[in-house]
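Read-outs throughout are calculated quantities, based only on the coordinates presented, and are distinct from any laboratory measurement. Computed from a prediction, not measured in an experiment: that's the story for all the values here. We place every Cβ from the backbone using ideal geometry, glycine too, and count neighbours over all the protein chains shown.
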Amino acid sequence: MIGSGRPNGDGHPRRWLVKEEPTHYAFADLVRDGSTDWDQVHNPLAQRNLRSMRPGDPVVFYHTGEERAAVGLATVAGVPEPDPEDPRGAWKVRVSAKHALTRPVELERLKL
């Protein structure tokens, strides 16, 4: 999970990128489900970013693996909270689907 940091006073929300292997949970799955708890994140920096997410923040959904492209847009739909099902003490946050991108945006384009 990658965050853009705090707003710099312009009033715009933070922006986030969440990534997942499409064979595990594809953006199409999020669209089908409408929303899901974003959990099972254990990297310390990613956990810190997850705890900084706020309802309404925009989210880019990125497929890892062979595709390696942003494929959809979502929004943070809840406040971060401890995940009671995670024995490692991780947090989770609710994410809601908005819409698929017209075409995937490859990693190289995202880095520009």
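Miscellaneous remarks
- For the pair K19 and T102, label points projected 7 Å from Cα toward Cβ lie 2.6 nm apart.
- Extended-chain gain in nm, criterion 0.36 nm per residue less alpha-carbon gap, N43 and E66: 6.1 nm
- Mean-square fluctuations from a GNM of the chain, with a 10 angstrom spring cutoff on Cα atoms, peak among P80, P22, P44 at P44.
- Loop-located GluC sites (Glu not before Pro) across the stretch 24-92 with a Cβ neighbour count of 13 or fewer within 10 Å are E66, E85, with loop assigned by DSSP.
- Whole-Å semi-axes of the ellipsoid equivalent to the stretch 67-112 (Cα gyration tensor, √5λ, descending): 28, 14, 8
- Once exposed loop trypsin sites (Lys or Arg not before Pro) are cut out (DSSP; at most 14 other Cβ, 10 Å), longest piece of the chain: 16-67
- The Rg/Rh ratio for the chain, using Cα coordinates for both the radius of gyration and the Kirkwood hydrodynamic radius, is 0.95.
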